[in-house]
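The values are calculated or read from the model by the stated rules, or taken from the named source; none is laboratory data. Note that the coordinates shown come from a computational prediction; the quantities given were computed from them, not determined experimentally. Here the Cβ positions follow ideal geometry from the backbone for every residue, glycine too, while neighbour counts run over all protein chains shown. Just the protein is used for accessible areas: all its heavy atoms, side chains included, with ligands, DNA and RNA removed. Shrake-Rupley method; radii C 1.70, N 1.55, O 1.52, S 1.80 Å.
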Amino acid sequence: MHNVIIIGSGCAGLTAAIYAARANLRPLVIDGYEPGGQLTLTTMVENYPGFPDGVLGPELIENMRKQAQKFGAEFKAGALSDVDLSRRPFKITAGKETFEAKALIVAAGASARMIGLESERRLMGHGVSTCATCDGYFFRGKEIAVVGGGDSAMEEANFLTRYASKVHLVHRRNEFRASKIMLDRARANEKIQFVTPFVVEEIHSASKGAVEGVRLRNAKTGEAREIALEGVFVTIGHDPNTAIFRGKLEMDANGYLVTRNGSKSSVPGVFVAGDVQDHRYRQAVTAAGSGCMAAMDAEKFLEEHKD
């Protein structure tokens, strides 16, 4: 029996673990699908408060983990295979082990949708990114590509023109899912060049550990095209890691968990933090803040339900 179990070990989960451990709740953290969250896929983080010279994403996560362990948090590797939230204590199954918890914090995060290329995977954090706010600054004066056709792609492309000399906006169709206002804004930006209807076939050069260009193919004619550039931002959406909670916790139409009055979910005693409920900001600092809220809410809940 655990006072608190935390699902997820990114910024939200680890901050919740620090606060819960300092409250002497001895939390158990189950790492989840992506141990350490999306910060483990980045290199230098320059917008997290307190690090004027920046900090490596994996280093920031490792320091948070050590801090939580210092105060008594316990960690288990693995992803959830089942949860029973029908009554307290809640039952959480990870692999072959089942745990019981008086309170649960869900901080399972959201995974960026990827193109699915091996070169994309190998160059993640080395010229390939899923976050313009996080990494745009590193591409000052460089040519880059943004892949996607929705509002997020238009917003990120416009944002990146603050730094990049040119942004190639690559989309597989001539039509866009983006709203008219966002599309018009991108079309009016002289630094953005629309490249449609093309798909990215390869990102060069994984063997050199840096982005040097992309090979594109026209989705209608099969025409191949090479573009020399130094960065690729993949903005084709995110999927919250909430499948296992479907039918058990309230979600919106896109699968993000719904919170009310801070971090409270639709089930008393279950609290939610980080990107699993945030489809707008998706920043390390906002995830950490919501992790703090969830831990404090869980502590108050346990105080009120000592029986």
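No disulfide-compatible partner, judged by a Cβ distance under 4.7 Å, exists for the following cysteines of the chain: C11, C292. Backbone amide hydrogens, once placed in the peptide plane, bring G78 within less than 5 Å of D31, G32, excluding anything fewer than 5 places away on its chain.
Number of Lys-Lys pairs in the stretch 76-189 under 24 Å by Cα, sequence gap 8 or more or different chains?
Lysine pairs satisfying the spacing and distance rule in the stretch 76-189 number 6.
By accessible area, using a 1.4 Å probe on protein heavy atoms only, the chain has 48% of its surface on carbon and sulfur.
Here the chain is assigned +1 on the Cβ of each Lys and Arg and -1 on the Cβ of each Asp and Glu. Its dipole about the Cα centre then comes out at about 280 debye. Using C-alpha pairs under 8 Å with a sequence gap of at least 6, the mean separation divided by the residue count of the stretch 54-209 gives a relative contact order of 16 percent. In the stretch 129-250, the convex hull through the Cα atoms has an average projected area of 9.6 nm², a quarter of its surface area. Loop-resident trypsin sites (Lys or Arg not before Pro) (DSSP state other than H, G, I, E or B) in the stretch 182-237 with no more than 12 further Cβ atoms inside 10 Å of their Cβ: K220.
The largest-to-smallest principal axis extents of the Cα set in the stretch 209-307 are 68, 28, 20 Å. Using θ = phi - 60° in the Karplus curve 6.51 cos²θ - 1.76 cosθ + 1.60, the 3J(HN,Hα) couplings for the stretch 111-126 round to 9, 5, 6, 10, 5, x, 8, 5, 5, 4, 4, 6, 9, 4, x, 10 Hz; x is entered for Gly and Pro.
Count the DSSP beta bridges whose two residues both fall in the chain, then state the antiparallel fraction as a percent rounded to the nearest 5. Intermediate results must be reported in sequence, preceding the final value.
Numbers: 28 of 58 bridges.
The antiparallel fraction comes to roughly 50 percent.
When peptides 291-302, 95-106 are ranked by their average number of other Cβ atoms within 10 Å per residue, the highest-first order is 291-302, 95-106.
Normalising the average separation of contacting C-alpha pairs (under 8 angstrom, six or more residues apart) by the number of residues puts the relative contact order of the chain at 21 percent. The spacing between the stretch 205-219 and the stretch 16-77, judged by their C-alpha centroids, is 33 Å. Once backbone amide H atoms are built at 1.01 Å from N, H2 has E100, A101, K102 as its partners under 5 Å, excluding neighbours fewer than 5 places away on the same chain.
Using alpha-carbon pairs under 8 Å, 6+ residues apart, how would you state the relative contact order of the stretch 164-304 in percent?
13
Using a 1.4 Å probe and counting only protein heavy atoms, arrange R113, R121, R282 so the residue with the most accessible area comes first.
Values: R113 105, R121 155, R282 65 Å².
Solvent-accessible surface, decreasing: R121, R113, R282.
Orientation-averaged projection of the stretch 27-160 equals 11.1 nm² [convex hull of Cα atoms, one quarter of hull surface area].
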